[in-house]
Structure formats: structure tokens, C-alpha cells
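Inspection log for the structure reproduced underneath, given as C-alpha cells.
Readers should treat all values here as calculations from the given coordinates under stated rules, not as data from a laboratory. Predicted, not measured: the structure shown is a model, and the values here were computed from it. With ideal geometry, Cβ positions are generated from the backbone for all residues, glycine too; neighbour counts draw on all protein chains shown.
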Amino acid sequence: MSHDHTHEAPKTLFALIIAMIINLGIVVFEIMFGILSHSLSLISEAIHNLTDISSMVLGYFAEKASMRPVNNKKTYGYKKVEFIAAFTNTLILLAATIYILYEGVVRLLKPEHVLGWQMLFAGVVALIGNGIATWILTKSSKENTNMKAVWLHSLQDSLLSLGVIFGAVIIYFTHWNIVDPILSIVISIVLLKSIYALLQETFDALTDSVPKNMDFEKIRQSLAQVEGVQNVSDLHIWLASSHTPLLSVHLQIKDKGELERVFNESKKILHDTYDIEHTTIQITPVDLKMETHCEHCN
């Protein structure tokens, strides 16, 4: 199954623009009410919304870049920009989360008086706005890693908004101001797990690791089981973009007359079983002596 990301790009770009507008309004609203209510949770959420906007701007330009055609210099086009933007966005999100953890600890040691009703009002408005933005980005997040990072930013803010509301209700009825920094710390710690997973995913893509949904040894065995194949070597599997897995491999055969059949069967297995359409298959006789100086052959 092959995905045509180009057809989805206009919808993705439109979703990003709408989400950016919503988040810009939320930031202004939350900063204003965060200062008025002395709420760290509210100000923390405003900071996250600022990182949302930056991630959406990066995501927008990454999507635009990925649509540019290939040329003699960029033979795969600009598809890798998707992973660069996602990695950058995730680092920004990590920095913002660490900052919130730090501020939460400071407030935990020295709690400030918080106006619960103002915090509650702002939290409800922010939750509605963040919820709409996250919903708009949900479909796009399934298209590629870049949009997944953007969606995660927005989801994080929705969770923070929910935490702000929960904390505001407790503070309003109990006057336990310490609840505000505790919530900021708990939410940030929970979200660090998702941040780590996305960092690992984008780093793997940038370093041309085997995609996590593909079993390297299973693919090697499938090729080795093709009738006539004597040896499978120099197998590499990596991603040009979320929907473009690439594979190169060296197959050795005993009978030269079997070359065309082995080639076609190997291509069919890779396409039908593993959804790998872009492949480079080198086939040579098993008795052919080949000099190689490759440090990355396997």
C-alpha cells in the first residue's frame, strides 16, 4: 500500500493555520489571567502554547518543504525535513517541560496565593481552545512524524488545561495553593515519557535506523527463502519520510538464468508483505569475486 502524502498536504497546512490562530488567542488570554490569578499552572500552559505556535510554524514550513520536487542535488527531495522539524520541535517541548518542572519545585517550596475562580475561568476557555486545536490536528498526526510532534504539543496543552481546571476547583474550595505547582510537576513528568518516545523515533529516522514497524531479520529471512538465493548481504532499510521506506540489498544466486525470476519474486515479497516499494536489489552469481571496501556491509 502506497500513501500519497501530496494529496493530504493542503489539508494538513490548513489545519496548521487554524490551530496557530487558536493557540495565539489562548496565549494572550492565559498570560493575562495567569498574571491576575498568580497561577503557575496557567502561565506554564501559556508557555506551552507558545511552544505550540513555534512547533506549528516549523511544522508548516516542513510540510511545504517536503512538497518540493527532487533535483540533481536533492535526489530524495526534501522529505527528511519532516524529521528535522519533528526533532527540533520535540527538543523545544522538552526544554519547556523542564522549565515548568523547575518553576513548579520553586513554587512548591514557596507557594503563592492563587485566585481560584479566575484560574478556573481561564482553564475552561483554554481547554476548549486547545481541545479544538488538538482535534483539528488529529488526522494530520497520522500522516507523518512531523505532524505527530505538532499534535503532541497540542495534546500536552489540553492535558495542562484539564489540570488547571482540576487545580482551580480544589484551590477555590480549600485554598490549598500548593496544589497549583504540584499539578504542574505531575503533568510535566507524565508527558516526559511521550517526549522521550518521540525524540527516540525522530533520532532513529535521522540516523537512518531500521523503521520500528519493520523486523530486519524477518525481512532478511524472507529474501533468503526465495528459491535460488544462496546468500543475502548488505541489507539496509531506512526512511526517506514517514511513508517512504527504502531498502537496498545484495543477493547472490547460483544459477545466472534465475536472475529475472529472483528479482521479480524479491520485489513482490518486499512490496506485498512489507509495503516497501522503493528498493535497490543487486543480484550476482555466488562464484563472482567482488572487491569491497564497505565498512557498513552486513
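Going by the alpha-carbon gyration tensor, a ≥ b ≥ c the square roots of its eigenvalues, is the chain rounded (a/c under 1.5) or, if a/c is not under 1.5, prolate (a/b greater than b/c) versus oblate? Cα axes put the chain in the prolate bin. Here is how the number arises for the chain: DSSP H runs of 4 or more residues each give -39500 (n - 2.57), the sum is divided by the residue count, and the result at 222 nm is -23500 deg cm²/dmol.
Say the dipole of the chain comes from +1 at the beta carbon of Lys and Arg and -1 at that of Asp and Glu; which of Ala168, Ile187, Ala240 then lies farthest toward its positive end? Value: Ala168.
Rounded to the nearest 20, the Cβ-based charge dipole of the stretch 88-193 about its Cα centre (Lys and Arg +1, Asp and Glu -1) stands at 260 debye. GNM remark for the chain: springs join alpha carbons under 10 Å apart, and the peak mean-square fluctuation among Thr174, Thr279, Thr12 falls on Thr174. When each full DSSP H helix of the chain is screened for a Cα extent of at least 20 Å along its own axis and an average Kyte-Doolittle hydropathy of at least -0.5, the helices passing are 5-37, 40-66, 81-109, 116-141, 145-174, 179-206. Sparse packing (at most 16 other Cβ atoms within 10 Å of the Cβ) combined with a DSSP loop state is found for none of the chymotrypsin sites (Phe, Trp or Tyr not before Pro) in the stretch 225-280. For the stretch 5-206, the relative contact order is 30 percent, taking Cα pairs closer than 8 Å that sit 6 or more residues apart in sequence and dividing their mean separation by the residue count. With N the number of residues in the stretch 103-201, Rg(Cα) / (2.2 N^0.38 Å) evaluates to 1.21.
The packing ranking, built from the mean of other Cβ atoms within 10 Å per residue, places the peptides 191-201, 243-253 in the order 243-253, 191-201, highest first. Distance between the C-alpha centres of the stretch 229-266 and the stretch 103-135: 55 Å, rounded to the whole angstrom.
Counting every C-alpha pair in the stretch 171-245, the share spaced more than 17 angstrom apart comes to 66%. For the cross-link pairs Lys80/Lys268; Lys11/Lys268; Lys79/Lys218; Lys80/Lys148, the ones whose C-alpha atoms lie over 21 Å apart are Lys80/Lys268; Lys11/Lys268; Lys79/Lys218. Put simply, when 33-46, 101-114 are sorted by average Cβ atoms within 10 angstrom per residue, most first, you get 33-46, 101-114.
Put a plus charge on the Cβ of each Lys and Arg, a minus charge on the Cβ of each Asp and Glu, and nothing anywhere else: the dipole of the chain about its Cα centre is then about 380 debye.
Each peptide in 153-162, 264-273, 126-135 was scored by the mean count of other Cβ atoms within 10 Å over its residues; highest first, the order is 153-162, 126-135, 264-273.
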